[in-house]
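Just so you know, all these numbers are worked out from the coordinates, no wet-lab data involved. Predicted, not measured: the structure shown is a model, and the values here were computed from it. All Cβ positions, glycine included, derive from the backbone under ideal geometry; neighbour counts span all protein chains shown.
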Amino acid sequence: MKLDFDLFVIGAGSGGIATARRAAEYGAKVGIAEFDRLGGTCVNRGCVPKKLMVYSSHFPNLFEDAQGYGWSPVKSSLDWEKMIAVVNNEVTRLNGIYQKMLDNSKVELLEGYAKFVDAHTLVIGDRQVTADKILIAVGGHPVRPNILGIEHAITSDDIFHLKEQPKRMVILGGGYIGTEFACILNGMGTEVTQVIRGEKILRGFDEDIRDEVEQGMINHGVRILNKIQLIAIDKTAEGAKVILSQDDKAKEETVVTDAVSLAAVGRKPNTHNLGLENTKVKHRDGAIVVDKYSRTTEENIYAVGDCTNKINLTPVAINEGRAFADTVFGNKSRTMSYENVPSAVFSTPEAATVGMTEAEAREKYGDDVKIYRSRFRPMYYTLAGKDEKTLMKLVVNQKTDKVLGAHMVGDNSAEIIQGVAIAVKMGATKANFDATVGIHPTSAEEFVTMR
Ligand SMILES: Cc1cc2nc3c(=O)[nH]c(=O)nc-3n(C[C@H](O)[C@H](O)[C@H](O)COP(=O)(O)OP(=O)(O)OC[C@H]3O[C@@H](n4cnc5c(N)ncnc54)[C@H](O)[C@@H]3O)c2cc1C
């Protein structure tokens, strides 16, 4: 029987679009289903609008710093409505670009929610399609914990559409998304309280990075409440009353605020309503189980990106998808490498990281681990008259001299670590770093001069 498509992709987000286009390049007949705007989480309610808001939040500091360089004081205020409008206009422009890219690649877009009828058949609205291979790239969504009054809280999705700038905001969660939003809002002048259950923000990152970012955020005016749990949210005339309790439940505290955001209390894969029960695809708590080729437990069905809940980042979803397309349609068998995946936190101060944390390295290599650390005030802040610090750290196996991890907090960390990540991925040694000539005067040169 002739099937409608060689490949049908469910979800036109980071992973889905990249895969569809790559497979089409190899000559496959490809269809893609999307019920929302093109581009997925990253373009519509993630990386892109967030980073634009990060840029916007930096201007008050730049205006202040300018005076140290001889500029007269700048008096400026944020037009929140305008900022939200321009950010969303840019997202709309990108939606159009994605449509053009799909058209140019001759990928057929079916607008609607796709559900499995069987392993080769999907229903999308009133259309039924068949495909030889099906890729699930449906992403995830923020979860709402079961807490009294939780309906009064917004999620990270809603922040991009707030009509007014909240004067006060409580952000629940210490992950990278919550940390970034705490800094964005704080930079724009909102009074921010970040409430986290753990001892520190950014669990999973190197301890020095966690400490440095947290202290930097406090210095910039974010109030961080550690080891605290949310008990309830109560809507009152003065604002939302957020009732919090310490871990030992000994003390309760109430924070009154204009907005409560669940920016970082967790995300779940969008797999609950996909009709997976009509296939042999297995999942664990919603996360689709795949092998190293992104193949599910159903032979012709694959899954990439956040719906597999491995490393939930856009470049990972894209890479997994392209590896699948290269293998299955391009005759170039390859798998995604999860080693040394760099990532960043666009907080103020910014942080970025690649490779092992000090703790991970010590667990694996014990006393063979040597740490190189440098903390300094970058030149830019001398005339600006600010006590901003940059921290750089290399984790090295002194037996092999291999650089196991590189971590940074400070301006342009993400841009700098992206370059360092190439060296770490190639297996560079500390001697290779030392043999590299620095670019002077920069902060980045510290990575090649650490003793
Ligand atoms: C606030 C925030 C900030 C982030 N910042 C960064 C960052 O700075 N850097 C970074 O690398 N990552 C970042 N991420 C993570 C990044 O957005 C995701 O890892 C990435 O988008 C995952 O891509 P994906 O293809 O798996 O899913 P998505 O991009 O979410 O795409 C899934 C698509 O599938 C569609 N879909 C779902 N179910 C169906 C169905 N049944 N039928 C049809 N369509 C369906 C959805 O509507 C969606 O468009 C951020 C995420 C958030 C929430």
The extension gain from Arg197 to Asp368, computed as 0.36 nm times the residue separation minus the Cα-Cα distance, is 58.2 nm
Find which of Val420, Met392, Ala435 sits farthest along the positive direction of the dipole of the stretch 349-448, computed with +1 on the beta-carbon of Lys and Arg, -1 on that of Asp and Glu, about the Cα centre. Ala435
Scattering curve values for the stretch 359-400, log₁₀ I(q)/I(0), Debye with Cα scatterers, q = 0.22, 0.23 Å⁻¹: -0.69, -0.72
Mean Cβ count within 10 Å, highest first, over the residues of peptides 121-134, 60-73: 121-134, 60-73
Given the Cα-Cα distance of Asn226 and Asp291 and 0.36 nm per residue of separation, how much length would full extension add, in nm? 19.6 nm
Just name one of Thr314, Pro60, Asn89: the one whose Cα is farthest towards the positive end of the charge dipole of the chain (beta-carbon charges, Lys/Arg +1, Asp/Glu -1). Thr314
With a ≥ b ≥ c taken as the square roots of the eigenvalues of the C-alpha gyration tensor of the stretch 271-353, please select rounded if a/c is under 1.5 and otherwise prolate if a/b is larger than b/c or oblate if it is not? oblate
Please check which bits of the stretch 141-180 a label hung off Lys268 would reach, taking the label as a point 7 Å along Cα-to-C-beta and the cut-off as backbone N under 13 Å. 141-147
Compute and list, largest first, the equivalent-ellipsoid semi-axes of the chain from the alpha carbon gyration tensor, each √(5λ) rounded to a whole angstrom. 38, 30, 22
So which lysines pass the test for Lys332, namely a Cα distance under 26 Å, with those fewer than 8 places away in the same chain ruled out? Lys2, Lys29, Lys106, Lys133, Lys292, Lys310, Lys425
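What per residue convex hull volume, in Å³, comes out for the stretch 1-141 when only alpha-carbon positions are used?
Here the figure is 131 Å³ per residue.
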Bin all alpha-carbon pair distances of the stretch 150-265 at 5 Å intervals from 0 and give each bin's fraction as a whole percent. 2, 12, 24, 25, 20, 11, 4, 1, 0
Any idea what log10 I(q)/I(0) is at q = 0.13, 0.21, 0.23 Å⁻¹ for the stretch 314-431, Debye with uniform C-alpha scatterers and no solvent? -0.62, -1.12, -1.21
With a point put 7 Å past each Cα toward its Cβ, work out how far Asn219 is from Ala237 in nm, to one decimal. 4.3
Under the rule of at least 5 residues apart or a separate chain, name every residue whose amide H is placed under 5 Å from the amide H of Gly405. Met356, Val395
Packing-based ranking, highest mean first, of 403-410, 441-448, 315-322, 430-437 given that Cβ atoms within 10 Å are counted: 403-410, 315-322, 441-448, 430-437
Search the structure for amide H atoms under 5 Å from the amide H of Leu110, placed 1.01 Å from N in the peptide plane, and list their residues when 5 or more places away or on another chain. Ile32, Ala33, Glu34
In debye, nearest 20: dipole of the chain around its Cα centre with unit charges on the Cβ of K, R (+) and D, E (-)? 560
Run the lone-cysteine check on the chain: no other Cys C-beta under 4.7 Å from the residue's C-beta. Cys183, Cys307
Need one number: nm distance between label points at Asp211 and Ile439, each 7 Å from Cα along Cα→Cβ, rounded to one decimal. 3.1
Can you find, among Gly405, Gly366, Phe376, the residue farthest towards the positive end of the dipole of the stretch 349-448? Put +1 on the C-beta of Lys and Arg, -1 on that of Asp and Glu. Gly366
Suppose every Lys and Arg Cβ carries +1 and every Asp and Glu Cβ carries -1, with no other charges. What dipole size does the stretch 349-448 come out with about its Cα centre, to the nearest 20 debye? 180
The ³J(HN,Hα) series, computed from each phi in the stretch 66-79 with the Karplus coefficients 6.51, -1.76 and 1.60 at θ = phi - 60°, rounded to the nearest Hz and given as x for glycine or proline, is 4, 5, x, 9, x, 7, 5, x, 9, 9, 8, 9, 8, 8
Do the sum for the chain: with -39,500 (n - 2.57) for every DSSP H run of n ≥ 4, divided by all residues, what is the mean residue ellipticity at 222 nm, to the nearest 500 deg cm²/dmol? -9500 deg cm²/dmol
I'd like the distance between the alpha-carbon centres of the stretch 403-451 and the stretch 142-183, rounded to an integer number of Å. 35
